[in-house]
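Only one structure is covered here, and it is reproduced in the block below.
The values are calculated or read from the model by the stated rules, or taken from the named source; none is laboratory data. If you're wondering where the values come from, they're calculated on a predicted model, not measured in any experiment. Here Cβ is always computed from backbone atoms with ideal geometry, including for glycine, and neighbour counts include all displayed protein chains. SASA here: full protein model, heavy atoms, side chains in, ligands and nucleic acids out. Shrake-Rupley method; radii C 1.70, N 1.55, O 1.52, S 1.80 Å.
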6 protein chains.
Amino acid sequence: MRKDGVIYLTKKVEFSASHRYHQPKLSVAENKKIFGKCFWPNGHGHNYALEVTIAGGVDPVTGMVMNIKQLKRFLQKVVQRLDHRYLNRDLPEFKRLVPTTENIARVLWQIILGQYPQLPLHRIRLTEGEELCVEYYGE
Amino acid sequence: MRKDGVIYLTKKVEFSASHRYHQPKLSVAENKKIFGKCFWPNGHGHNYALEVTIAGGVDPVTGMVMNIKQLKRFLQKVVQRLDHRYLNRDLPEFKRLVPTTENIARVLWQIILGQYPQLPLHRIRLTEGEELCVEYYGE
Amino acid sequence: MRKDGVIYLTKKVEFSASHRYHQPKLSVAENKKIFGKCFWPNGHGHNYALEVTIAGGVDPVTGMVMNIKQLKRFLQKVVQRLDHRYLNRDLPEFKRLVPTTENIARVLWQIILGQYPQLPLHRIRLTEGEELCVEYYGE
Amino acid sequence: MRKDGVIYLTKKVEFSASHRYHQPKLSVAENKKIFGKCFWPNGHGHNYALEVTIAGGVDPVTGMVMNIKQLKRFLQKVVQRLDHRYLNRDLPEFKRLVPTTENIARVLWQIILGQYPQLPLHRIRLTEGEELCVEYYGE
Amino acid sequence: MRKDGVIYLTKKVEFSASHRYHQPKLSVAENKKIFGKCFWPNGHGHNYALEVTIAGGVDPVTGMVMNIKQLKRFLQKVVQRLDHRYLNRDLPEFKRLVPTTENIARVLWQIILGQYPQLPLHRIRLTEGEELCVEYYGE
Amino acid sequence: MRKDGVIYLTKKVEFSASHRYHQPKLSVAENKKIFGKCFWPNGHGHNYALEVTIAGGVDPVTGMVMNIKQLKRFLQKVVQRLDHRYLNRDLPEFKRLVPTTENIARVLWQIILGQYPQLPLHRIRLTEGEELCVEYYGE
């Protein structure tokens, strides 16, 4: 993970979304047992923080790994698709995937690299409230 | 607001809920104009922090305004009704009220005093994310 | 300060600025004694958080004290004048005033009410780092 | 509480201490019932944050309510007596008083005004972890 | 540390404890020199945050690395042994070990894996206040 | 990055500084395009948090990776050179380097190891406000 001279730069953006944990392949009883109150049919919601880490050398002219204004605008567009949305219904990615923190992180990784393939993406961290976060380094 | 010898004790509890800003008395266009992305039909969600402040003298034997364990258990029950719920559909209080932060705070005030009329309630503060909070001292 | 049925709504916006504590009416020795390292000629800087509290009844149709999108846009414009600026040189308000946290708060109060006289402004809180904040209720 | 032209300035200092909730006038059974796990004989501890608010007009020369360096040094001395101490044994003030958050706040108020009677003290806020704080305006 | 497709999930639990830095093999003078105010005989305390990171693939049915409710209950039991305790006296693990943040982290690692050997434990982070944390990946 | 039995200990210190993004090799138009509002001639400022991580085994006598009091004093001296300074003018290191977060981190790494070559330095993290941080593991 560590390379000499590499800077790991992390930028945070936030969004608010609602979701519901529900696996249609399982019975209602199984869903309730596994997901507890997250199974509630009408859903519930969170403030999410997405921290995106890029890695690279420092440009000797600009002193930056990449242009931070450009990165910020890009990430704001990425989370706009999820912000103020009900993930289960509004995002086709979650038609078949339970929108757990783990799966939202993996979907965000794919969205980010799909829209910006040359981004030197190192890691994403997705935080759901103060007690839970997941980190993902890609597949 | 200030009385000599009075301690203001604040206890925080948290919950996660989803909601949608929608006033049925108004047209869709008016709703969109007023509420913007909060009007989205499928709703969205937040982590909320409820901070309840009680005020009173300090009991000379226990050194407490009131028993803090009892207060914590009571507040956990209060937010259980809202936690992991879609406020518009799951709480009858929001059938006619838009579940804005302001109205959630007022409803919480009524729930708290309805269930615990003798609580020396001074103020409630309801925080929705890091940028917005409301405070309410009752009616 | 407390009225029945009044909601106190607080919105936070942030800005980054630099400043220097220097009172031209005093000698260099007096400036150094009073202001210590804040007197340093080239200045230094902070991230500031401005929390603006408005107070009012809740509109029975919208459920809001005032439109929160409108408040946010207004406050973003207010801090734009200070953001990424050197307060002593870039803001005429600080030609004669030492830009202490106290004076920045008072100047912000005047800017806010000067641009939006009908805003039901109750309090502003200005935070400079994690150890210091000032609150102001106007003159 | 509000006066025109008054700035409320709050300075935060931190300390770490241990304590035990025990009222010798009560039986062991009563102590256990009231204080629960806080009664444990060997004690336990917290990081405390003390936020001291002073109130006053702004000096037209310095732009400050009072000299902030002087206030910081004073508050650091105040908490030095409690920092890294077991409050029940090490502070005579808690020989007869249960060191609840409420009583620690009241004792701090007395210490502060006892050592600095002319301080324009408005409020102290004592925070014990992220879920509990008390505010006190004096007697 | 990085494997393709692996999610690192972190769950936070908190506890409050007191401790004292004291190495019986050393003289009082040496203890004082090394540990300073942490050597104080009656001890002092902190709020600790324990962040436990597990690593693994995402279950295609549940969308989770492991059941988060189960992980939370397990971690709450783990910290119950330390919560509201004086580590030096109440935990046999610290009869011979100085309860530094480093050693508490190592003991927590052993407790966690001792009680739940199949847990895909990746890292624990133990935070003592806002200025100090340690991370441990096991032995 | 991971060695058996190694503890990663992180200590945080803070400082406030001002800076300006300006690359003299580029035209004013290019500077404006790349750096936007950070190019403003009079500069602006931030509160920075420097988190320094050392890595090592735990001393069986002291229970520590290294003496934490000594580490704290050393880091306070390190940031004293930057605290309450205008980086572009006051630090010779930034005569030729744009004081981006990336470059400040690299300069801090060199200062730390230059003054304390035997420090078991693992990583530094430099945070500029709540939305941006960089991590560096050395060259």
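Structure notes:
- Consider region F:110-139 and keep the residues that are in a loop (DSSP other than H, G, I, E, B), within 21 Å of A:Thr10 (Cβ to Cβ) and not hydroxyl-bearing (Ser, Thr, Tyr). The one that is most open to solvent (accessible area, probe 1.4 Å) is F:Glu139.
- Any hit, region D:54-64, residues being in contact with a His (Cβ under 8 Å, 6 or more places away or on another chain) and modelled with pLDDT of 95 or more: yes
- Unmet criterion (only one of (1) farther than 30 Å from C:Leu119 by Cα; (2) polar (S, T, N, Q); (3) open to solvent by less than 20 Å² (accessible area, probe 1.4 Å)) for C:Asn42: (3)
- Those residues of region D:80-109 which are under 17 Å from D:Val13 (Cβ atoms) and open to solvent by 10 Å² or more (accessible area, probe 1.4 Å), in sequence order: D:Gln80, D:Arg81, D:Asp83, D:His84, D:Arg85, D:Trp109
- Flag if F:Val65 is in a loop (DSSP other than H, G, I, E, B), touching an Asp or Glu at 6+ places or on another chain (Cβ under 8 Å) and among the hydrophobic types (A, V, I, L, M, F, W, C): yes
- Selected residue (criterion: nearest to E:Gly138 (Cα to Cα)) from residues of region F:14-60 that are hydroxyl-bearing (Ser, Thr, Tyr) and touching a residue at least 12 places away in the same chain (Cβ under 8 Å): F:Thr53
- Residues of region A:14-37 that are open to solvent by 30 Å² or more (accessible area, probe 1.4 Å) and in a helix (DSSP H, G or I): A:Val28, A:Ala29, A:Glu30, A:Lys32, A:Lys33, A:Ile34, A:Lys37.
- Test: residue in region C:43-53 that is part of a helix (DSSP H, G or I) and polar (S, T, N, Q): no
- Residue check, F:Leu71 in contact (Cβ under 8 Å) with a residue 24 or more places away in the chain and crowded, with 21+ Cβ neighbours inside 10 Å: no
- Single residue of F:Lys32, F:Lys3 found to be of a type outside the set (S, T, N, Q) and modelled with pLDDT of 95 or more: F:Lys32
- Search result, residues across region F:9-48 that are at positive phi and under 20 Å from the mean Cα position of the chain (by Cα): F:Gly43
- Residues of region A:54-90 classified as at the interface with chain B (Cβ under 10 Å from one of its Cβ atoms) and over 30 Å from F:Tyr21 (Cβ atoms), total: 8
- Residue among D:Glu93, D:Glu102, D:Glu130, D:Glu51 that is more than 13 Å from the chain's Cα centre (by Cα) and under 26 Å from D:Tyr21 (Cβ atoms): D:Glu130
- Selection from region F:125-139 of residues that are more than 7 Å from chain A (Cβ to nearest Cβ) and at pLDDT 95 or above: F:Arg125, F:Leu126, F:Thr127, F:Glu128
- Filter result for D:Thr101 (within 14 Å of chain E (Cβ to nearest Cβ), within 21 Å of B:Leu71 (Cα to Cα) and without any contact (Cβ under 8 Å) to a residue 60 or more places away in the chain): yes
- Scanning region A:82-98 for residues that are in contact (Cβ under 8 Å) with a residue 60 or more places away in the chain, in a loop (DSSP other than H, G, I, E, B) and aliphatic (A, V, I, L, M) yields A:Leu82, A:Val98.
- Residues of region A:6-29 satisfying the condition of being away from chain B (no Cβ under 14 Å) and either modelled with pLDDT under 95 or within 19 Å of A:Val98 (Cα to Cα) (or both): A:Gln23, A:Pro24, A:Lys25, A:Leu26, A:Ser27, A:Val28, A:Ala29
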